Every structure is written in C-alpha cells, then in structure tokens.
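All remarks here apply to the structure that follows.
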Amino acid sequence: MIQTLILSMLLAATPVKAAQLREDNIPEIVSLMTDEEKVKLLVGGKAKSYNGIGNSALGVPGCAGTINSIERLGIPRVTLADGPAGLRISPTREGDERTFYCTGFPVAVMLASTWNTELIEEVGQAMGNEVLEYGADVLLAPGVNIHRNPLCGRNFEYYSEDPLLSGKMAAAMINGIESNGVGTSLKHFALNNQELNRLANDARVSERAMREIYLKNFEIAVKESQPWTVMTSYNYVNGVPAAENRWLIMDVLRGEWGFEGAVMTDWGGGYDNPGIIRAGNDMIQPGSDWRYEAVLKAVKDGSLSREALDECVTRVLELIVKTPAFKGYKPSEAPDLKAHAALCEKAADEGIILLKNKKNVLPLNPEKKVALFGTGSYDFIAGGTGSGDVNKAYVVNLLDGLSDRGFNLDSTVTSFYTRYMADEALRREEINKDRKWYVDVERALEVVPDELIESSSESSDIAFLTIGRIFGEGKDRSISGSYLLSPQEKDLLDKLSAAFHSKGKKVVVILNVGGLIELLSWQDKADAILLGWQPGQEGGRSVAAALCGAVNPSGHLPMTVSRCYDDEPSAGNFPQFVTDKAFNYSFFRRFKDHKRNDVKDVDYTEYEEGIYVGYRYFCTKARKAILYPFGFGGSYTSFAYSKMKVEPTESGWTVTVEVRNKGKVPGKDVVQLYVKAPRGKLDKPSRELKGFAKTPLLAPGEKCSVSIDVSSESLASYDENASAWLLEEGRYSFIAAQDALHSDCRRRVRIRNN
Ligand code: BGC
C-alpha cells in the first residue's frame, strides 16, 4: 500500500514528456497543441534585420524568415530564404571568421532564354545543394509571373511572357532544387505584374486571361513538380487580396490542380489576418505581434473556426516533417562553390542571345585589337536588386573574361577606364552607402574623352561597348531612366559608331541587362548586338566565350522585342513615372486607407489586352511592331528542319522533326512547336507555343530528331460563358519554327469531338 503510494507520488513529480512530432503522428500533435501554439506556428518568426540582408536574425543569418519552433512538441525552427538567382543569406556572421557566400546564378529571364529544361534542373540541383549545406530549408523561388510589360521591375526574376515556357522552366527548377530534400516556394501567386503600389494594386483581369496566361504558368509548374510551398502575391486579384483569396488558393490551386503543399503570404502581404487563414493560406510571413494577436483573438471569439486553423496547422506540420531541420541534418557549411561556378558559366553560355550579327562580324578572332568601352565592361552586373539579389563572393567582369580568353585589348582604353572607375567608385560609394534595398544602385556615369574614341579607332580593330541596367523589387522601371539609352550612352555610341565606321571598323554592343531596353533608335549604329542578360557571377567569361566563338550562342528570346514601348499591348495600362520617387509608390496606400480605387494603374490596373500578351498580340494583331520575335535567337551556324511528323498518342500527339546543322560550326538549336487553331466560337491568337526542345550540340552537317509531346487538353481555350475549357473541332496547324513569326515545317491535324 505504502509502496503504491510512493510510486504514484514519484510519477506525479516526473514531468511527462509530450509526444514529439513524427511523420506519422501529425493528427496527434495537432490535438496536443494549444491555440497559442497553433497560431505561433502559422504566424512566422519575427522580422528583424540582420546586417541589412534578408529580414531575419533567426534561423540562418540573413535569411528571409522562419517558421517558429515549438520545442515542447519537437517542432524545430524552419528557415526560409530567398531566391531565385541563388540562395540569399548573409555572407558573414558575427564572431565567425568564415564566409558563407553563395553562387550567383544567371537571372531567371536568362535561364529561360536557354530553353533547356535539363540544364535548368541541373542549376536547381546546385542551388538546392547550397540551401541544404548552408542549413536552410525552403528556397523562396522560383518566381514565375508573366512578363506583361517590359517595365516591370522584377521581370529579371521571372521567366517569360509565355505561360508554357515559364511553367516548364519553373517545374524544372523546382524538381532540381527539391531533389536535395529541401523545399521551394513557387511565387508570386498570382498576377504580380507590377511593383508600383504592389500591396494595394488591384489586377483587374478576365477569367479567360487568368486561366490561359496568368495562372497557366503556375498550373504547369504545380502539376509537373508539386512544390513544397506556394507564395501568394501582394496585390489584389479582381478586388480580393491574393493572400486572402480563397477561390485562388482553395478552389483553383488545391481543388483543380491538386496542389498538396503549404501556402504562405509574401512578406507583409494580406490585411485581414484571420481572413488569410480562412482563405486556406497556411502561413503569415513574417510574424509580428499584431498579426499573432489578431489571429488568436479570432480563434478565441470563434470568428476563425478551429477547423480552419487545424487544416492550416496540419499542412505546415506536413511541410516541417520534410525539412532538413526536422531530420536533424548537419549542414557542412561548405558546398562545392567551384563546381557550382562552373555550372553557372555553363548556364550563362546557353542563355546568351545573338540578336544582330551584320556581315558575320562575330565571332571575333581574339588576336584582333579590341577597344573596350562602357563602364559596364569594367563593372559587370551579375543580377538584379532586392530580395532576388545573391551575396556572391565575386563577379567576373567583361574585362577579365576577355583577358582570360586572350583578347588583345587596347591598353589606352582599358587604362583610362581603370583610373576612371576608381574615381567613380568613390562617388558611387557615397551615394550607395545608405541605399535602401528598393532604390536603384548608382552606377558609374558614361563619360569618355572624344580624343580617346578617336585615337582608339585608329589603334584598334573593333570597339566593344557594354550597356548595363540594374533594377529590382519594389519599383518599376521608368522609360527615360531605364528603358531608353541615357543621353551619355547615346552620345558614346554615336561617337564610337562615327569614329570606327568611318575607318571601316565595326562596333559591337553587349547588353548586360535584366530586362529589355529600346533598340530600334540605335541598333543601326551597332554591327552586332549580344544580349548577355545578367549572367550571374561568371558573366564576363560567358560573354567573352560567345564573342570569340568558343561557345556558339544558342539562347532564344523568351519575350518579343517590340519596336517601341508604345507598341506594347499593355502600354496604356501600366504605370509610368519618370522620377525616381516612383519607389515610394511601392509602399504607398499601405495600412492607412490601404485600398482606394480611384487612380488608374496605381490603385487598379485593367488587363485590357486580355489573352493578347506578348507574341499572342504581336503575331496576331501587330506583326509590324515586332523588332525581334519571341523565340528568336541568332547563331554562328544555321539549321534546317525536315521530316516533320505528327503521330497520335493516348493523350494527344507526338511531333517529331529532323534538325540539321547546315553551317560550318557546331551549334544548338531550339525547336519551337506552335499551334494555330481553326476559326471557331472563341477568338484565338494566330499561334500559341505548345512545346519546345533544345537540340544537343550538332556538328556541321549533323542531324538529330527531336520529339515534342502535345496533349489535346493543352489546345483548349477557356470559355467564360460556359466556365469551362473548350476544345473546338476543326483543322489545327502544327508549326515547327525557330521563332514565333516564322514557320519551318507545318502539318495539319483534324480534331473531331465525339
Ligand atoms: C518579395 C518576395 C521575397 C520576400 C522575402 C518580398 O518582398 O516579394 O519575393 O521572397 O520578400 O524576402
């Protein structure tokens, strides 16, 4: 009796350890959690700046945010870090001598320009490895929003104007990253196509345009890669904030597409906190006391049901059990940065686009003497600004890239720039030192003495000029400040062109940009134009390899290059501000009076062009406005297509085409498959991309056969009257082409509805 008493006293005194989270006991853990713990899990770790990089001092230093730990139940803290050009964390840590640099890969628009999904998957594998080995859990990438307008400040973080190309690239990237056992966050869901007033701008868009363009990219990525998470966007979609949009999150994303993962807000997105959870958005990121209190209060007063809360908690726990943090992975803190640098170069090699090459001025024998102009040649831009920036250890500029390839550089020009750039560095440092992350980086001014231009046109064989643009999150680009050449750039190009051309010598322009700039007014002054994008940390090497022909350019445009901004289908419905004050609008109309509907393109944006985005518009309604078509990419060789076959399969067709390299040097081609629908009930673009394939490197004369699968489902259009996809009967043309304007081979396919 006494013994039993002692035993029960002992048991009462020993704290019983609560069940610990396991993959197979999530319902039990949910049942053990208090309301406070559940809300703590859904409302993320607090934002607190660490060295100004990222938002969080918690988790991996410099990461964007965290999911809170609940130690009592064995729930670890999970680290969420940006994306999408690589892992974004702090390169240094207090009290630690080591550095934590990550690889700055080519920006997304350049990766899309490769049209090579295998290569993108490989890049994803390397990025994901850095996520794993630096101790993070989820990379907040890729960004898949459509390039609706060339001035969107974040286009470099996104892939294309076409939903198929965007969706396929995103799926490849996600599959690559997640092969490491770390997560991704497909963002920004949805219609985040402008930065100005991004927290309160209402995207007003037809359901057809959403389904076929702005959601299609997400749909493809979700179905082909099941990302661990999706991030909702800041903006409103047809009157409802995306973060609180139950139709988007529950009906479309989870219901129709079968998304199985967790959803989170963009950083500070959404207004009605319980409304976010009620919409099925599982995580509010980052956390703050007021957001936590608002959700908890709603749970306590019953305005947020415990059922809705538990559904979100369950999905977050399902995410957590997959993470390296939960599995107790010990990161090495030492990913193979050398191997990743080589991969960065390989990816950039395939994304460079040869836009113009009059009289085959390129490739250039490196023995020719080159006068290297443009401040950008000496300070190459690897990527854009904002959360998509990566803290890389170095950037190879064009000067070094050319020197490594043995180019014979005119030393009068390089020594002028070396001195000048040192002076400019001091001036820029002063301006950039207190720069807010959303303000453009001050770049060196383009000033060159006329005598140097004149003398180098005597002493050199050719001039190279780099034109650079850097911009990013929080601000759209302005026409005069970014889209057009600056007066100094124009002046320099004019003078170079006059001096070199008068002596029968050539001028090559290298575009080191994150988005398109206007070309029509000046392209005649250049004999060749190489679109080198923002090629990541090894950039100068890849551009040099393309210039000398060590690598034959095989990038193709993921968007149309129009003749001028006003020709863009969305030009009349996109904000344009000419001063740098524009960035203020990014935070404009926040919480006080956060939603108004009175200023066009600020409070709301009409997507008046509907489905006619990019080449769908230009090829159907304004062919003359095209300067370079979507899908275009020059090469030092050329390709011929033949033997096109379209064979039926269970779900659609397999298209095969034979591609032959008919030139004198090896090269890779991108076969694009467009489909033209017959006239029917619904208005349709004159053609739409339905598949693509990149060939292997083909030697001169070599052939290969490429196959592209097309599903019949993908030929349907969205019929708003019936609220359903409609595949109309009739004869469809399947077009194999090297860009959106031309046709190399064509076959007819009859579709009958039974
Ligand atoms: C951006 C997201 C990013 C997040 C975390 C936001 O401002 O829109 O793309 O993932 O910050 O840094």
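What follows draws every value from the coordinates through simple rules; no lab data is involved. If you're wondering where the values come from, they're calculated on a predicted model, not measured in any experiment. No Cβ is skipped: glycine too gets one built from the backbone with ideal geometry, and neighbour counts run over all protein chains shown.
Residues satisfying the criterion are present in the stretch 202-209 (criterion: over 28 Å from Thr695 (Cβ atoms), surrounded by fewer than 24 Cβ atoms within 10 Å (Cβ to Cβ) and basic (Lys, Arg)).
Here Asp434 meets each of (1) free of Cβ contacts under 8 Å to residues at least 40 places away in the same chain; (2) surrounded by 22 or more Cβ atoms within 10 Å (Cβ to Cβ); (3) among the charged types (D, E, K, R) with one exception, condition (2). For the stretch 291-301, the criterion of a residue being more than 21 Å from Pro84 (Cα to Cα) and either in contact with a Gly (Cβ under 8 Å, 6 or more places away or on another chain) or assigned to a loop (DSSP other than H, G, I, E, B) (or both) is satisfied by no position. Scanning the stretch 358-408 for residues that are out of contact with any helix residue (DSSP H, G or I) (no Cβ under 9 Å at 6 or more places or on another chain) and aliphatic (A, V, I, L, M) returns Val361, Val390.
Thr385 meets all of the listed conditions (1) within 16 Å of the ligand (Cβ to nearest atom); (2) within 16 Å of Cys548 (Cβ to Cβ); (3) among the polar types (S, T, N, Q) but one, namely (2).
Considering only the stretch 295-304, I want to know if a residue exists there that is in contact (Cβ under 8 Å) with a residue 12 or more places away in the chain and within 16 Å of the ligand (Cβ to nearest atom). The answer is no; no qualifying residue exists. The set of residues in the stretch 88-103 being crowded, with 19+ Cβ neighbours inside 10 Å and either without any contact (Cβ under 8 Å) to a residue 12 or more places away in the chain or more than 12 Å from the ligand (Cβ to nearest atom) (or both) consists of Ser90, Phe100, Tyr101, Cys102, Thr103.
I need the full set of residues from the stretch 661-695 which are of a type outside the set (Gly, Ala, Ser) and surrounded by fewer than 18 Cβ atoms within 10 Å (Cβ to Cβ), in order please. Let's see the steps before the verdict.
Here is the first cut: in the stretch 661-695, the ones of a type outside the set (Gly, Ala, Ser) are 661-662, 664-666, 668-676, 678-679, 681-685, 687-690, 692, 694-695.
If the condition is that a residue be of a type outside the set (Gly, Ala, Ser) and surrounded by fewer than 18 Cβ atoms within 10 Å (Cβ to Cβ), then Lys662, Lys664, Val665, Pro666, Pro678, Arg679, Lys681, Leu682, Asp683 are the ones that fit.
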